[in-house]
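Working notes, structure below.
The values are calculated or read from the model by the stated rules, or taken from the named source; none is laboratory data. What you see is a predicted model, and the numbers here were worked out from it, not measured in a lab. A quick note on method: Cβ atoms are made from the backbone with ideal geometry, for glycine too, and the neighbour counts reach across all protein chains shown.
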Amino acid sequence: MNRAGRQRNILDFTLSSLLRRKGRNAALVLVYAFVVFLLSSVVFLGLSLKEEAQSVLADAPEIVVQRLAAGRHDMIPESYLAKVREIPGVRTAKARLWGYYYEPLTGANYTVMADENFPYGRKSVVLGNGVERHLPPMVGRTLPMRAYDGSYRFMQIRETLSSDSELVSSDLILMTVEDFRDLFRIPEGVGTDLVLSVANPREVSTVARKITEILPDTRPITRAEVLRTYDAIFDWRGGMIVACMSGALMAFIILAWDKATGLSAEERKEIGILKGLGWETSDVILMKFWEGVAVSLFSFLLGILLAYVHVYFGSTSLFEPALKGWSVLYPDFRLKPVITPYMVSVLFFLTVVPYTIATIVPSWRAATTDPDTVMRA
């Protein structure tokens, strides 16, 4: 028999062997695919959230300057702008006004920001999608906001922000500078922080260092540091999810270990019969190799497919609160698929390769034993 015919016969026998134990193999595939599904969902969601954060923060200020008092963020004098603008490399610098507002009607904290170029007049606001969704029906198009003195300012809702930026604007309220200072009693001449743009991106760290030298009571935060913080947060949360799934992962490891430490009596007898019929040791190992590949590869592909549907079409209902964060105003946005060959390869080698190897070891032991001994065992 030629080599191609031999391989075809081995594959035919492997398929028939899998079908004879279809109940056991089906249960194995379900457990295997579930483990791959959990791991893949975490990886896909983490990658997509990182990509979303990088996309949204692409237009963020290159440097944010905060003033510190007793180790805490404090209001910064606008007079600092003159000193910052004198630093070589600084293209633009301006002060921002923003803060937080607790709304008892929804139990949520809003981020309120003053816009120097606000397109509407005073007593008007522009809302993020999350704020718009959670407003009680009784509010209508007027948003009552409680000022520092306990009185209310009734703001007209003029517009809702685009959903494209909902990751960072879900809880945002925009208003005029005058309304912001009136609402929170912020005096003239101070801001929440300063935002800078730098002419040469390679000089951002140099400019940040010079700011700390000129203004020692400030802390400059670069856009690169913000992006690294987002990456670290998503990696940490993804790791926490994997840690919480340690029970399922341990079950999979035990399953693979059980495969590696021995075969069932039926499988050992089958190998003994094959050896008695003239099969070589390499044929038996090749058969078990294809059997392991068939089970693991099908489970891997099924788990990856389910994870893709879960993350990108099912709103990641299992892991969304853990990776996106907990909030009354939950951001609602469609993630863009981000699947890299590197991450798929890592998942493949973490799940498929160990199991496939685990199926070969006990088969080799049984195949190298005398057939009569195996069948009598």
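Among the numbered criteria (1) touching a Leu at 6+ places or on another chain (Cβ under 9 Å); (2) not in a loop (DSSP other than H, G, I, E, B), which one does Ala58 miss?
(1)
Conditions tested, residue by residue: (1) crowded, with 18+ Cβ neighbours inside 10 Å; (2) touching a Leu at 6+ places or on another chain (Cβ under 6 Å); (3) more than 19 Å from Arg223 (Cα to Cα).
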residue: Gln66; (1), (2), (3): no, no, no
residue: Arg72; (1), (2), (3): no, no, yes
residue: Glu78; (1), (2), (3): no, no, yes
residue: Ala93; (1), (2), (3): yes, yes, no
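Name the residues in segment 61-102 that are assigned to a helix (DSSP H, G or I) and of a type in the set (Phe, Trp, Tyr), would you?
Tyr80, the sole residue that qualifies.
Given the criterion modelled with pLDDT under 90 and not acidic (Asp, Glu), identify the matching residue among Gly189, Gly130.
Exactly one of Gly189, Gly130 is modelled with pLDDT under 90 and not acidic (Asp, Glu), namely Gly130.
Working carefully through the options Gly46, Gly23, find the one that is surrounded by 21 or more Cβ atoms within 10 Å (Cβ to Cβ), of a type outside the set (A, V, I, L, M) and in a helix (DSSP H, G or I).
Going through Gly46, Gly23 in turn, the sole match is Gly46.
Which one is modelled with the lowest pLDDT, of the residues in segment 160-181 that are touching a helix residue (DSSP H, G or I) at 6+ places or on another chain (Cβ under 9 Å), among the aliphatic types (A, V, I, L, M) and surrounded by fewer than 21 Cβ atoms within 10 Å (Cβ to Cβ)?
Among those residues, the one meeting the criterion is Leu167.
Answer yes or no as to whether Ile304 is assigned to a loop (DSSP other than H, G, I, E, B), at pLDDT 70 or above and not small (Gly, Ala, Ser).
Here the answer is no, as Ile304 does not meet what is asked.
Name the single residue that is modelled with the highest pLDDT among those in segment 338-357 being surrounded by 16 or more Cβ atoms within 10 Å (Cβ to Cβ) and outside any helix (DSSP H, G or I).
Ile339
Mind telling me which of the residues Ile221, Ile214 ends up being loosely packed, with under 15 Cβ neighbours inside 10 Å, in contact (Cβ under 8 Å) with a residue 12 or more places away in the chain and β-branched (Val, Ile, Thr)?
It is Ile214.
Applying the selection to segment 89-119, what residues are out of contact with any helix residue (DSSP H, G or I) (no Cβ under 8 Å at 6 or more places or on another chain), farther than 17 Å from Ser169 by Cβ and not charged (D, E, K, R)?
Correct list: Thr92, Tyr102, Pro104, Gly107.
Any idea how many residues of segment 209-227 are of a type in the set (Ser, Thr, Tyr) and in contact with a Lys or Arg (Cβ under 9 Å, 6 or more places away or on another chain)?
So the count comes out to 2.
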